[in-house]
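Taking it in order: structure first as structure tokens, then the write-up.
Coordinate-derived values only; no laboratory data. Since the model is a prediction, treat every value here as computed from it, not as a measurement. Here the Cβ positions follow ideal geometry from the backbone for every residue, glycine too, while neighbour counts run over all protein chains shown.
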Amino acid sequence: MVNIQPEQDLSFTTQLPPTPGQKHYSTLCEIQGIGLHSGVATTVKVMTADPGSGRYFVRVDLPTQPQIPAHISHVSQTTLSTELTANGASVRTVEHLLAALTALGIEDARIEIDGAELPLLDGSARVWVDELVRSNPESLPAHLATAGVLNEPVWIYQGDAFVAALPSSVLRFTYGIDFDVAPIGNQWHSWQPNKENFATEIAPARTFGLASQIDQLRSAGLIKGGSLDNALVCDEHQWLNPPLRFANEPCRHKLLDLIGDLSLLGKLPQAHFLAYKASHQLHVQLAQRLHEMGY
């Protein structure tokens, strides 16, 4: 059974003025919620950062406040989420926030967190996007910058699952999934940045799972914070918590995860990113291959 958790407390505050001699970072948003796998509440403060510093996490709950760069070289595990580790500290389930920052063109961000896992919120990136846009909408770029043009195809396979980056005249993402349960089945979705709105087309898509797998995952110490309030769940015949936000919401959510994982490159190359039945592991392997190629 899925335990329905109390509605999560989302709080938004403004940073206090810095003390003399302290470096000042402006707060874009501050959000509290429950982690999907840990079930632990954390508070995340997304802040401005120096140009060229990239996106990085700071574990403010630890004595030395270690920094963890949001970079492909620091991925430590990819079991049902993406985890980063650096300087003796880790942070997990980073993909939704990183997808939001990437799609909004926020290349430099200091992300302070008082625990080891980002909150799942409603299971999508919508809250992150809404608050980031609300904080300073005029600062967001009209077009996403890319790190050059991909000039040769790259493929990563595992059985019949794959993820690829193909040469393209535009930046585009396409994702396909295929589940042997009627509510999901075979779904596809394609999204083109700079043409289609991420906030309305991709960000609202929530994470999803099969009711038949819940007990097994919890026995493995996973999805302790999952509930019908923050994830879509279906059995073989129907969704247990409709309505869906899109007819192909699961597929759109996988595309959201792909963007978040590829964001660990920094700027993305101009390419058509194509995935089918893939996973965080395959997403990260593609990003690693592109990083090795100089992107």
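Taking the Cβ-Cβ separation of ALA145 and SER169 as r and a Förster radius of 22 Å, what is the calculated FRET efficiency to the nearest 0.05?
Once rounded, the FRET efficiency stands at 0.85.
Which peptide among 65-71, 30-36 comes first, and what is the full order, when sorted by highest mean count of other Cβ atoms within 10 Å?
Highest-to-lowest ranking by the protection proxy: 30-36, 65-71.
Of the listed values (1) 0.95; (2) 0.99; (3) 1.07, identify the label whose number matches Rg/Rh (Cα atoms, Kirkwood Rh) calculated from this model.
So the calculated entry is the one marked (1).
Only four residue types carry charge here, +1 at the Cβ of Lys and Arg and -1 at the Cβ of Asp and Glu. Report the dipole size of segment 196-295 about the Cα centre in Debye, rounded to the nearest 20.
Dipole of segment 196-295, to the nearest 20 debye: 180 debye.
By average Cβ neighbour count within 10 Å, what is the ranking of 121-127, 179-185, 92-98, 44-50 from highest down?
92-98, 121-127, 44-50, 179-185
With contacts defined as alpha carbon pairs under 8 Å and 6 or more residues apart, what's the relative contact order of the chain in percent?
Averaging sequence separation for qualifying contacts and normalising by length gives 24 percent for the chain.
For ASP229, which sequence-distant residues (separation of 5 or more, or a different chain) have an amide H within less than 5 Å of its own amide H, given hydrogens modelled in the peptide plane?
Hits under the 5 Å cutoff: GLN5.
What percent does the relative contact order of segment 27-139 come to when contacts are Cα pairs within less than 8 Å and at least six residues apart?
Relative CO of segment 27-139 lands at 34 percent.
Output the antiparallel fraction of DSSP beta bridges having both residues in the chain, as a percent to the nearest 5.
Roughly 70 percent of the DSSP beta bridges within the chain come out antiparallel.
Can you tell me the relative contact order of segment 154-292? Whole percent, Cα pairs under 8 Å, sequence separation 6 or more.
42
Go through VAL133, ILE68, TYR56 and say which Cα lies farthest out towards the positive end of the charge dipole of segment 27-139; charges sit on Cβ, +1 for Lys and Arg, -1 for Asp and Glu.
Sorting the options by dipole projection puts first ILE68.
Is there a quick way to get the dipole size of segment 27-139? I mean about its Cα centre, with the Cβ of Lys and Arg at +1 and of Asp and Glu at -1; what is the value in debye to the nearest 20?
I would put it at about 140 debye.
Could you work out the helix-only [θ] at 222 nm for the chain, with each DSSP H run of four or more residues adding -39,500 (n - 2.57) and the total divided by the number of residues, to the nearest 500 deg cm²/dmol?
Helix-only estimate at 222 nm: -5500 deg cm²/dmol.
Under the Karplus relation 6.51 cos²θ - 1.76 cosθ + 1.60, θ = phi - 60°, what is the ordered set of whole-Hz ³J(HN,Hα) values for segment 104-121, x standing for Gly and Pro?
Residue by residue, segment 104-121 yields 8, x, 8, 7, 10, 7, 9, 10, 8, 9, 9, x, 9, 9, 5, x, 7, 6 Hz.
Suppose every Lys and Arg Cβ carries +1 and every Asp and Glu Cβ carries -1, with no other charges. What dipole size does the chain come out with about its Cα centre, to the nearest 20 debye?
The calculation lands at about 420 debye.
Under the rule a/c < 1.5 gives rounded, and otherwise a/b versus b/c splits prolate from oblate, where does segment 182-267 land using the Cα gyration tensor?
oblate
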